[in-house]
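The values are calculated or read from the model by the stated rules, or taken from the named source; none is laboratory data. As the structure is a computational prediction, the values presented were derived from the model and not from experiment. For neighbour counting, all protein chains shown are included, and Cβ atoms are generated from backbone atoms with ideal geometry for every residue, glycine included. All accessible areas refer to the heavy atoms of the entire protein, side chains included, with ligands and DNA or RNA removed. Shrake-Rupley method; radii C 1.70, N 1.55, O 1.52, S 1.80 Å.
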Amino acid sequence: YLFNNIPMGYVYIQAGLYDRAIESLQACILATPDNAAIYGYLGDAYILRKEQDVARRCYLEACLIDPAGIDWGQIKDKEFLKLIDHLIKTFDMNKSSATEWLPSYACIQGLFKPKIIKLNEGLQEFVDEYLALQKAYLKEPASNIESRLFFRAIILCDNESFMRLIRGIDFIDIRRCMKDINPFLFSEYLKYVGKRKQIGK
């Protein structure tokens, strides 16, 4: 890191040294694993190295940590900039709200591939985090909690087949919660899942 917590990897990106940027940013993640901005910059470095799938996995991880922590003004994957602009114009969202809801829309539009979490890779921890977020939402509903809960619900539904050994999770309740939070987006999610199943056939 440089002064003001600017990662050296960001400087390497500006200099066009993408391999060095990736190496440096990966070291930053080991030191500060909950830093959304670092994952965002790492995604940028991969985009600039023409590795879109890897880049978008990095962006997804950044969104799980904190969508507002990503430097969206500098992001190198233009599809996300288009999506933010679409959310602002179509749904009359402000930029902050569009940023919070972007991860769920990105999943449904196929920008993010399904995140599969196996039991030994932190699935129980992910469930516990979802349940804690749901509890906080039931106590005091807030728009940023709604969006994060919906995003995590999508990921849980993508991992339903791994959930047999997990206690405390009810997929009927998860989908009901999604519908209550955002009926339009839930409807779009069901269409997306239907299309995915057709393609799977």
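How big is region 20-135 by Rg and Dmax over its Cα atoms, in Å?
Considering region 20-135 through its Cα atoms, Rg and Dmax are 14.5, 42 Å.
Give the long-range amide H neighbours of residue 75: residues separated by 5 or more places, or on another chain, with amide H under 5 Å away, using H modelled in the peptide plane at 1.01 Å from N.
Residues meeting the criterion, in which the H sits 1.01 Å from N, do not exist here.
Rounding to the nearest 20 debye, state how big the charge dipole of region 1-85 is about its Cα centre with +1 on each Lys and Arg Cβ and -1 on each Asp and Glu Cβ. Show your work: numbers first, answer last.
Details: 8 positive and 12 negative charges, 43 e Å.
Around 200 debye, computed over region 1-85.
How far is helix 183-200 tilted off the main Cα axis of the chain, in degrees rounded to 10, range 0 to 90?
80 degrees
Hey, of (1) -0.98, -1.44; (2) -0.75, -1.42; (3) -0.87, -1.22, which did the structure itself give for log10 I(q)/I(0) by the Debye sum over Cα atoms at q = 0.13, 0.19 Å⁻¹ when calculated?
From the options (1) -0.98, -1.44; (2) -0.75, -1.42; (3) -0.87, -1.22, the structure gives (2).
Per residue, how much accessible area does the chain have with a 1.4 Å probe, in Å²?
Roughly 55 Å² per residue, with all protein chains present.
Where does helix 123-139 land angle-wise versus the long Cα axis of the chain, in degrees 0 to 90, nearest 10?
Once rounded, the angle reads 70 degrees.
For the chain, what is the mean residue ellipticity at 222 nm derived from helices alone (per DSSP H run of n ≥ 4: -39500 (n - 2.57); sum divided by total residues; nearest 500 deg cm²/dmol)?
Helix contribution divided over all residues of the chain: -22000 deg cm²/dmol.
Return the carbon/sulfur percentage of the accessible area of region 108-201, one whole number, probe 1.4 Å, all protein chains in place.
53 percent
Work out from phi, with θ = phi - 60° and the Karplus expression 6.51 cos²θ - 1.76 cosθ + 1.60, the ³J(HN,Hα) of each residue of region 48-65, listed in order in whole Hz, and give x for Gly and Pro.
5, 9, 6, 10, 4, 4, 5, 4, 6, 5, 5, 4, 4, 4, 4, 5, 5, 6
Would you please classify the overall shape of region 140-197 from the alpha carbon gyration tensor, given that a ≥ b ≥ c denote the square roots of the eigenvalues, rounded means a/c under 1.5, and beyond that prolate means a/b larger than b/c while oblate covers the rest?
oblate
Not counting ligands, DNA or RNA, and with a 1.4 Å probe, what is residue 99's accessible surface area in Å² rounded to the nearest 10?
Approximately 10 Å² for this residue.
In degrees, nearest 10, range 0 to 90: what is the angle between the Cα axis of helix 78-91 and the longest Cα principal axis of the chain?
50 degrees
Mind listing the phi-derived Karplus ³J(HN,Hα) values for region 17-25, rounded to whole Hz, using 6.51, -1.76 and 1.60 with θ = phi - 60°, and x for any glycine or proline?
For region 17-25, the Karplus-derived couplings read 9, 6, 4, 5, 4, 4, 4, 5, 5 Hz, x marking Gly and Pro.
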